[in-house]
Every structure is written in structure tokens, then in C-alpha cells.
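Down below is the structure, laid out as C-alpha cells.
Every number in this text was worked out from the coordinates using simple rules, so none of it is lab data. These numbers were taken from a predicted model, which means no experiment stands behind them. Cβ sites come from the backbone with ideal geometry, for glycine too, and all protein chains shown count toward neighbours.
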Amino acid sequence: MVIDRFYFSNGESAGSLNELLEKLKVIDDECFFHHTGEGRNDFANWINDCVKDKTLGKKIEKLTDRAKIIAVLDKKVNTPAKVKSGIIDQIKGAILYG
């Protein structure tokens, strides 16, 4: 699935949730507030419309604090791998130990 890129006001872009997360950690405040000011949240709009993750979009649509948005994205981006590895470990244990 090809996702339309998110374009920041500083000219940078992100093509995945992971890229968005990493860019949010380093963009300056002016760029961040450009996308979250005046009652809007461009990050949530992109997640809803381009990534097609309505649940995640809803979680961050009211957030204007960068740290909170980063925390929600970090949980989304990094949790699946942890869950998958936990399931794989359980399967390995079942195979090895019955």
C-alpha cells in the first residue's frame, strides 16, 4: 500500500507513521505549531485520510502537546513488534516444552 506523504511546513516529509514519529521529535516548534494551531491537527488528518487508521487519528486529533502525540505514535509504532515477539516466544515455548 502506497501512502501519500505528509509534508511539513519546513519542506520535510514523512511517508509512514515511523517517519512521522521521528520527524516530530526533531522539527522546530514553529513547524509543529503550524500543523496543530487554530483548532486543527494536520497529523491526525493525515493519519485518518492517508494512513487510514481512524482509531489512531481519533486518539491524537485533540492533542496539541508534542510529547503526547509522540507518546501515542511511539506506542502504535513500537507495540506491534513487541506483541508479535511475545506471541512467537509463546509458540516456541509450546513447541519446545509441550
Viscosity 1.002 mPa s, temperature 20 °C, Stokes-Einstein D of the chain from Kirkwood C-alpha radius, µm²/s = 145
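Show that you can apply the helix-only estimate: for the chain, add -39,500 (n - 2.57) for every DSSP H stretch of four or more residues, divide by all residues, and state [θ] at 222 nm to the nearest 500. Present the calculation step by step, with values, prior to reporting the outcome.
Details: 5 runs with 62 residues, N = 98.
Counting only the DSSP helices, I get -20000 deg cm²/dmol.
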Simple spin-label estimate for ASP42 and GLU19 in nanometres, 7 Å along Cα-Cβ = 1.5
Please name which of ILE95, VAL51, GLY37 has its Cα lying farthest along the dipole of the range 6-97 towards the positive end, using unit charges on Cβ (Lys, Arg +1; Asp, Glu -1) and the Cα centre as origin.
-> ILE95
